[in-house]
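Novice: After the C-alpha cells below, expect a handful of questions from me.
The values are calculated or read from the model by the stated rules, or taken from the named source; none is laboratory data. Fair warning: this is a prediction, and the values are worked out from it, not measured in the lab. Glycine also receives a Cβ, built like all others from the backbone with ideal geometry; neighbour counts cover every protein chain displayed.
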Amino acid sequence: MASIKVSELFYSIQGEGRYMGVPSIFLRTFGCNFTCDGFGMPAGELSNERNIIAVDSSKYKTYKELPLVSTGCDSYASWDRRFRHLSPKLETDALAEAIVELLPYKEWRDEHLVITGGEPLLGWQRSYPDLLDNPLMANLREITFETNGTQKIKDELAEYLIFWKYSSTKDREITFSVSAKLPCSGEKWEKAIKPEVVDAYQESGTVYLKFVIATEQDFADAQRAIKEYRDAGFTGHVYLMPVGGVESVYAMNNRRVADLAMQNGLRYSDRLQVPLFKNEWGT
C-alpha cells in the first residue's frame, strides 16, 4: 500500500484563488524544492527567521507549537528537515479515514480537497491514485493541487487524473493552483519559472497562476512571467495576491495589489486565512 508523509491535515476554508471561501480538507505533504527565504524581505536580502526560531527543534512536538513567521516561507516546517519528525508517514487507507473524520458529516458532500505542501508534486505522485481510489473518497468531486509549477506530472498520474475526472456519474473537477515564485521569493528565475511544465498541467485539469506581490518590481516580474507562460501555451486566469504571512504585513499592501489587478485586467486573490485566523497552523 502507498503512503504519504503528511505535514498537516486539517479542515478549514480555502483562503486563496479560485475556490476562496469553499470548505476544504487540506492535505499538506512534506518536502519542497524551494525555501523562499526572500518573501517579505527587502530586495536581495534573505530571511534569517528560519535559523533562529528553533535551534532545538526537538522541543516541538506538534505543528501548533511552532512560531509563525513574518518573512520567508510561512509553511517552513513542511520542508525544513529539522521538523520532519512532526510529519508522520501515513498509509493511504489510514489517511482516507483521517480525512473523512475531519468532514462535518463524516462523508464528502460539498467539500473540496486541497493537496498542498511543501511541493505536493515532488515526491508523492505515485500515492495519489491509491488515496483517491479508497472507497471513502468516492464522493469527492473537487481537487486542487497547490504547486509551485516546477515539477512535471508523471505520465501515470496524468492518465489517472483524467480517468478519475470522467469515471463518475457526478461532475468532477481537477485544478492546479500554480504559485509561481518570482525573484522576491529568493529563488532564481530559471529554476522557478517553468512555462512548459505549467502548460502540460492543462492536459489534466484547469490551471491558474498566482503571483505574490509586494512592490512595483514584483509586478514587473509577474508581467514578464505571464508573457513567458502565455507564449508557452498557458490559457488560464492570472491572480495577484498580496505578500504577508501575518496580518501586519498583509494589511500594508492588499489594497495596492488589488488596484494593480484591476488596472491590468487581472484577478485579485485575497488571503482569507490571514485576517480570519492570523495564518495559524491548521488554517
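Novice: Based on what the data block shows, is Cys32 over 30 Å from Ala96 (Cβ atoms) and not in a strand (DSSP E or B)?
Specialist: When the stated conditions are applied, Cys32 does not pass them.
Novice: Right, next: Just one of the numbered conditions (1) touching an Asp or Glu at 6+ places or on another chain (Cβ under 7 Å); (2) modelled with pLDDT of 95 or more is not true of Leu46; which one?
Specialist: So Leu46 meets the others, but not (2).
Novice: Considering the stretch 57-108 alone, what residues qualify as being assigned to a loop (DSSP other than H, G, I, E, B), among the hydroxyl-bearing types (Ser, Thr, Tyr) and buried (at least 20 other Cβ atoms within 10 Å of the Cβ)?
Specialist: Within the stretch 57-108, Thr71, Ser75, Ser87 meet the criteria.
Novice: What pairs come out if I take residues in the stretch 24-53 that are closer than 21 Å to Arg84 by Cβ and pair them with residues that are basic (Lys, Arg) and part of a loop (DSSP other than H, G, I, E, B) whose C-beta lies under 9 Å away, six or more apart or interchain?
Specialist: Qualifying pairs under 9 Å: Phe34/Lys181; Cys36/Lys181.
Novice: What are the pairs, 6+ residues apart or on separate chains, where a residue within the stretch 259-274 that is farther than 11 Å from Gly17 by Cβ has its Cβ under 9 Å from a residue that is of a type in the set (S, T, N, Q)?
Specialist: Close Cβ pairs satisfying both conditions: Ala261/Ser269; Asn264/Gln223; Gln273/Ser12; Gln273/Gln14; Gln273/Asn279; Gln273/Thr283; Val274/Asn254.
Novice: Could you grab me the full set of residues in the stretch 54-72 that are touching a residue at least 60 places away in the same chain (Cβ under 8 Å) and hydrophobic (A, V, I, L, M, F, W, C)?
Specialist: Within the stretch 54-72, Leu66, Leu68, Val69 qualify.
Novice: Now, a different point. Please tell me if Ala2 is touching a Lys or Arg at 6+ places or on another chain (Cβ under 8 Å) and surrounded by fewer than 20 Cβ atoms within 10 Å (Cβ to Cβ).
Specialist: yes
Novice: Please work out if Ala94 is farther than 30 Å from Asp199 by Cα, of a type outside the set (S, T, N, Q), modelled with pLDDT of 95 or more and touching a strand residue (DSSP E or B) at 6+ places or on another chain (Cβ under 8 Å).
Specialist: It is false that Ala94 is farther than 30 Å from Asp199 by Cα, of a type outside the set (S, T, N, Q), modelled with pLDDT of 95 or more and touching a strand residue (DSSP E or B) at 6+ places or on another chain (Cβ under 8 Å).
Novice: Kindly provide the set of residues from the stretch 117-143 that are crowded, with 22+ Cβ neighbours inside 10 Å and either in contact with a His (Cβ under 7 Å, 6 or more places away or on another chain) or not aliphatic (A, V, I, L, M) (or both), ordered by number.
Specialist: Those that are crowded, with 22+ Cβ neighbours inside 10 Å and either in contact with a His (Cβ under 7 Å, 6 or more places away or on another chain) or not aliphatic (A, V, I, L, M) (or both): Gly117, Gly118, Glu119, Pro120, Trp124, Tyr128.
Novice: Can you confirm whether Lys106 is of a type in the set (D, E, K, R) and farther than 30 Å from Pro67 by Cβ?
Specialist: yes
Novice: Given the residues Asp130, Asp155, Asp110, which is the only one that is over 20 Å from the mean Cα position of the chain (by Cα), farther than 30 Å from Pro242 by Cα and touching a residue at least 60 places away in the same chain (Cβ under 8 Å)?
Specialist: Being over 20 Å from the mean Cα position of the chain (by Cα), farther than 30 Å from Pro242 by Cα and touching a residue at least 60 places away in the same chain (Cβ under 8 Å) holds for just one of Asp130, Asp155, Asp110, which is Asp130.
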